[in-house]
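Structure first, then comments.
The values are calculated or read from the model by the stated rules, or taken from the named source; none is laboratory data. All figures in this text were calculated on a predicted structure; none of them were measured in a lab. Positions of Cβ are backbone-derived with ideal geometry, glycine not excepted, and every protein chain shown enters the neighbour counts.
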């Protein structure tokens with residue numbers, strides 16, 4: 001349990017560079033904002049959609065930093 005969880009979406013987000021707390025927050029929106037492949041890996045993130053959700057300002061800052 002290297003990433004502090006067994007949730008594959010949270011692990012994928014941490015691999016991208018999000019911290020654990022933000023990864024857990026963003027994972028709540030995976031159905032509407034992420035495209036996953038058969039192995040559960042994130043292959044696309046709808047940045048504009050996730051920025052329009054109720055994620056924290058800290059999360060929005062990390063999204064813009066890592067994905068823009």
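Laid out as a table, the results:
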{"quantity": "Filter result for residue 38 (farther than 12 Å from residue 63 by Cβ, surrounded by 12 or more Cβ atoms within 10 Å (Cβ to Cβ) and modelled with pLDDT of 90 or more)", "calculated": "no"}
{"quantity": "Filtered residues of the stretch 42-54 (kept if in contact (Cβ under 8 Å) with a residue 12 or more places away in the chain and under 11 Å from the mean Cα position of the chain (by Cα))", "calculated": "42, 45, 46, 47, 50"}
{"quantity": "Flag if residue 21 is under 13 Å from residue 9 (Cβ atoms) and surrounded by fewer than 15 Cβ atoms within 10 Å (Cβ to Cβ)", "calculated": "no"}
{"quantity": "In the stretch 24-35, the residues that are touching a strand residue (DSSP E or B) at 6+ places or on another chain (Cβ under 9 Å) and buried (at least 18 other Cβ atoms within 10 Å of the Cβ)", "calculated": "26, 27, 30, 33, 34"}
{"quantity": "Residue tally, condition crowded, with 18+ Cβ neighbours inside 10 Å and within 15 Å of residue 67 (Cβ to Cβ), over the stretch 1-18", "calculated": "4"}
{"quantity": "Residue within the stretch 46-53 that is in contact with a strand residue (DSSP E or B) (Cβ under 6 Å, 6 or more places away or on another chain), at pLDDT 95 or above and surrounded by 13 or more Cβ atoms within 10 Å (Cβ to Cβ) present", "calculated": "no"}
{"quantity": "Number of the condition not met by residue 19 [criteria: (1) within 23 Å of residue 4 (Cα to Cα); (2) without any contact (Cβ under 8 Å) to a residue 40 or more places away in the chain; (3) under 10 Å from the mean Cα position of the chain (by Cα)]", "calculated": "(2)"}
